[in-house]
Amino acid sequence: MKDLFTQIAAYLPEDRIAFVQRAYEFAAKTHEGQTRLTGEPFIIHPVEAASYLAELQLDATTLAAALLHDVMEDCDVSFQEIVREFGADVAKLVDGVTKLNKLDLVNAGPLDGGDGSGRQSEGSDHAASLRKLLVAMAQDLRVVLIKLADRLHNMRTLQAHTPERRRAIAQETLDIYAPLAHRLGMWDIKWRLEDMSFHYLEPVKYKMISRLLAQRREERERYIANVREVLIQALRKVGLRPQVTGRAKHIYSVYRKMQAYAVQGKDFDDIHDLFALRIKVKVSGDCYVALGVVHGLWNPLPGQVDDYIAKPKENGYQALHTTVMGPKGMPLEVQIRTEEMHQIAEYGIAAHWRYKEGKGQDNPFEQQMTWLRQVLEWQREDTGAEEFLENVKTDILPDQVFVYTPKGDIKELPSGSTSIDFAYHVHTDLGHRCIGAKVNGKLVPLDTPLKNGDTVEILTSKVARGPSLDWLNPNAGYVHSATARVRIRAWFRRQERGANIQRGRDLLTRELRRLSLNPSEEELTKLLHMDTVDDFLAALGSGGITANQLVARLTLRPEHRIPEEYKPPTTGPASGVEVLGAGDLLTSLAKCCSPLPGDDIVGFITRTRGITVHRRDCPNIANEDEPERLISVDWGATKSLHPVRIAIEAWDRVGLLRDITAMVSGDKINIASMLTRENDDGTATVQLTVFTTGVNQLSRLFTKLEEIQGVASVTRAATITPNNGSKAGALAEVAERS
């Protein structure tokens, strides 16, 4: 409490401090005798939440609401009583946070909805919680600022919960609250929430990265100190008096970087921005002067210079970023910003937008929150909480790409967006009439992802023919943004119900035929929790249910899974063996003892190469003088692959087999055999036997094969027989193991 009032005394007038003091005394009295799971007095929780908001120098109304945010839910205090004691503004904030808490996993009951599964109820809670968060934020941002502070302290005391609930709350925090803090530009709370969530979700990986960072800490600090001194002297020569500090990389960020690098065959030693400096100058013009000094000292790496001052990020972040080849050939990341930019980077909207008593919101806030108004539009368009969650995760929480219209206007889209996404972002009617696109003056397929700086021109039909239902197929890759999906689905919903039912029946017939499945329409209606068969078919025909969702539900039913006919050997590239306990983080088998599945094994944490797995009787482990670096591991399950025959009917042409095999191999699916036959009508039948992990992967493969030029149909099939009367007069068979 003393820390809280020391903080607010630095910026609030005496009468407002007294107002906060009165709120504290009211909260302490109403929570008297209550304790948290940790055993601490309950009042510590609201005081900690208010203390974080005081660091952001928020107004007295917000601080009072933070202190009172649990009194309506956990004490016998009414909304009218808070209005009477502290005014309508405080009461509305407390009421808003109370409504959010009712959907919070921290305060929820058992995770399952009565069937023991837990997953459906938990996912629905996540979706409903995020929907409520964003709608509440649109009404008053302070509600969500209080909620973020509330979640921050809950994460600090998460050890008091059961392991199952700890993981559920940590996952919710990582999925919703940390990305939301990022979208608001609040870096300080974002990295704290991410690291604490990662600690509970992946404890072994968390400890491993912590050790790796600690092992190189002295080297990193020594290197940064030397580089910092050189840089300060160079900046002073041009008249700048900057603050130059080292910049720490938080653990979850390193983990994400290691994941990305692992795909490229790199390891921990290749993460260059572990060595990083931050330069703070007085005015934005000095940022560019400082950038020139940095590039004068060390050569910039190609493609590693970003100007977020001229083109701020969507959350308001501004700075100059560059990565240079520093002394001793070590890549060095440098961020350059003003003090104001630094405050916005750390604390986001809360840094440059604070409520003043009796005043509204300023223009920067209004500009920042345009994306939130779009959320309310989806709220009106959408039908389900899970669909809303999917839309928000793709459009509000991801990275962005900036492209130009033919007139030079900049449009901001989620990373991975296509020309169709661009068309719907400009105008709904433009999307409905889209029949093609030019990117940088060249015709491109509609599923081509856009890149920063692209100029996009949409080719349209004279009549609005409407979108294609295939655009909603996630496997096809036509649409990435939620804006486009919502508007396409809305178009189909407006069509006649009868047409949607027929379209849905056609799509269902095609999907079941190519997968060789035969569940009844009634069974599928029940499986997808629809009231009637017509409702199910109409939803399928309008895009409310996608073919991908249908296949996903089918794979949950044992009778619809591909039979387990084949398991690859436990050696070689298709073994699918993984190591549990250490996860999949930089794990390798020791060459000294060559452990095999079934051996009793133990993990050894190396200094730079992750975890090496040894047999327990390996002499190198038996003589290890640092037993704290040993970690328990075990063999995971071997992945099962299943042989499936696919029949492809296509117009015979040169290059057909090449295109088919390239598509299958590009999806990392093994081809066991191939059989082709020329038909008298100019078509060809190609039969593949492939090894897949299940119906989901098979459905994705069918979608891609159907996109190949000349392919008429793709189905699961029995063995085809030779056609001795064909032009070739023989069968061509190719066997491949990859």
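Considering the stretch 668-700 alone, what residues qualify as being loosely packed, with under 14 Cβ neighbours inside 10 Å and under 38 Å from the mean Cα position of the chain (by Cα)?
Across the stretch 668-700, the qualifying residue is only Lys668.
Which one of the conditions (1) within 26 Å of Pro406 (Cα to Cα); (2) surrounded by 14 or more Cβ atoms within 10 Å (Cβ to Cβ); (3) not basic (Lys, Arg) does Leu508 fail to meet, given that it meets all the rest?
That leaves (1) as the condition not met.
Condition (residue is closer than 22 Å to Ala91 by Cβ, touching a helix residue (DSSP H, G or I) at 6+ places or on another chain (Cβ under 9 Å) and exposed (fewer than 14 other Cβ atoms within 10 Å of the Cβ)) applied to the stretch 19-28: is it met by at least one residue?
no
Please work out which residue is nearest to the chain's Cα centre (by Cα), limiting yourself to the stretch 609-629 and to residues that are assigned to a helix (DSSP H, G or I) and over 21 Å from Ile209 (Cβ atoms).
That would be Ile621.
Say whether the condition of being modelled with pLDDT of 80 or more, out of contact with any strand residue (DSSP E or B) (no Cβ under 6 Å at 6 or more places or on another chain) and outside any helix (DSSP H, G or I) is met by at least one residue in the stretch 210-229.
No: the stretch 210-229 contains no residue that is modelled with pLDDT of 80 or more, out of contact with any strand residue (DSSP E or B) (no Cβ under 6 Å at 6 or more places or on another chain) and outside any helix (DSSP H, G or I).
What residue, among those in the stretch 167-209 that are basic (Lys, Arg) and within 17 Å of Lys313 (Cβ to Cβ), is modelled with the lowest pLDDT?
Only one residue fits best here, namely Arg183.
For the stretch 630-661, what are the residues that are over 17 Å from Gly603 (Cβ atoms), modelled with pLDDT of 75 or more and assigned to a strand (DSSP E or B)?
The answer is Pro643, Val644, Arg645, Ile646, Ala647, Ile648, Glu649, Ala650, Trp651.
Being closer than 11 Å to Thr38 by Cβ and not in a helix (DSSP H, G or I) is the filter here; which residues of the stretch 153-162 pass it?
Correct list: Thr157, His161.
In the same structural domain as Glu55 (by TED's automatic domain parsing), at pLDDT below 90 and part of a helix (DSSP H, G or I), is that true of Val144?
Yes, satisfied.
Of the numbered conditions (1) in a helix (DSSP H, G or I); (2) of a type outside the set (Phe, Trp, Tyr); (3) at pLDDT 70 or above, Arg514 fails exactly one; give the number of that condition.
For Arg514, the failing item is (3).
How about the stretch 17-59: which of its residues are of a type in the set (A, V, I, L, M) and more than 19 Å from Asp76 (Cβ to Cβ)?
Scanning the stretch 17-59 gives Ile17, Ala18, Val20, Leu37, Ile44, Val47, Ala49, Ala50, Leu53, Ala54, Leu56, Leu58.
Restricting attention to the stretch 306-324, and to residues there that are of a type in the set (A, V, I, L, M) and surrounded by 15 or more Cβ atoms within 10 Å (Cβ to Cβ), which single residue is nearest to Met186 (Cα to Cα)?
Ala319
Consider Arg465 carefully, then state whether it is crowded, with 21+ Cβ neighbours inside 10 Å, outside the structural domain of Gly543 (by TED's automatic domain parsing) and charged (D, E, K, R).
Criteria not met by Arg465.
Have a look at Leu459, Leu450 and point out the one that is in contact with a helix residue (DSSP H, G or I) (Cβ under 7 Å, 6 or more places away or on another chain) and of a type outside the set (Asp, Glu).
Checking each option against the conditions leaves just Leu450.
Which of the residues that make up the stretch 691-708 are outside any helix (DSSP H, G or I) and either among the aromatic types (Phe, Trp, Tyr) or at pLDDT below 85 (or both)?
Once the filter is applied, which keeps residues that are outside any helix (DSSP H, G or I) and either among the aromatic types (Phe, Trp, Tyr) or at pLDDT below 85 (or both), the stretch 691-708 yields Phe691, Thr692, Thr693, Gly694, Glu707.
Determine which member of the set Arg165, Arg192 is assigned to a helix (DSSP H, G or I), out of contact with any helix residue (DSSP H, G or I) (no Cβ under 7 Å at 6 or more places or on another chain) and touching a residue at least 24 places away in the same chain (Cβ under 8 Å).
Only one candidate passes the filter, namely Arg165.
Would you point out the residue of the stretch 463-481, among those that are outside any loop (DSSP other than H, G, I, E, B) and in contact (Cβ under 8 Å) with a residue 60 or more places away in the chain, that is nearest to Val426 (Cα to Cα)?
By that ranking, first place goes to Leu472.
In the list Gly453, Gly477, Gly441, Gly431, which residue meets the criterion of being under 24 Å from Lys313 (Cα atoms) and either within 26 Å of the chain's Cα centre (by Cα) or of a type in the set (Gly, Ala, Ser) (or both)?
Gly453
Is there any pair linking a residue in the stretch 204-215 that is in contact (Cβ under 8 Å) with a residue 24 or more places away in the chain to one that is of a type in the set (S, T, N, Q) and exposed (fewer than 14 other Cβ atoms within 10 Å of the Cβ), with Cβ under 9 Å and at least six apart or on different chains, and which?
From residues that are in contact (Cβ under 8 Å) with a residue 24 or more places away in the chain, the pairs are Leu212/Thr608; Gln215/Thr608.
Residues being at negative phi, surrounded by fewer than 14 Cβ atoms within 10 Å (Cβ to Cβ), modelled with pLDDT under 80 and of a type in the set (Gly, Ala, Ser): count how many of those fall in the stretch 249-285.
So the answer is 1.
Between a residue in the stretch 484-512 that is not assigned by TED's automatic domain parsing to the domain that holds Ala423 and any residue that is surrounded by fewer than 14 Cβ atoms within 10 Å (Cβ to Cβ), which pairs come within a Cβ distance under 6 Å, given they are 6 or more apart or on different chains?
none
The values are calculated or read from the model by the stated rules, or taken from the named source; none is laboratory data. Just so it is clear, the model here is predicted, and its values are computed rather than measured. Cβ coordinates were reconstructed from backbone atoms using ideal geometry, including for glycine residues, and neighbour counts include every protein chain displayed.
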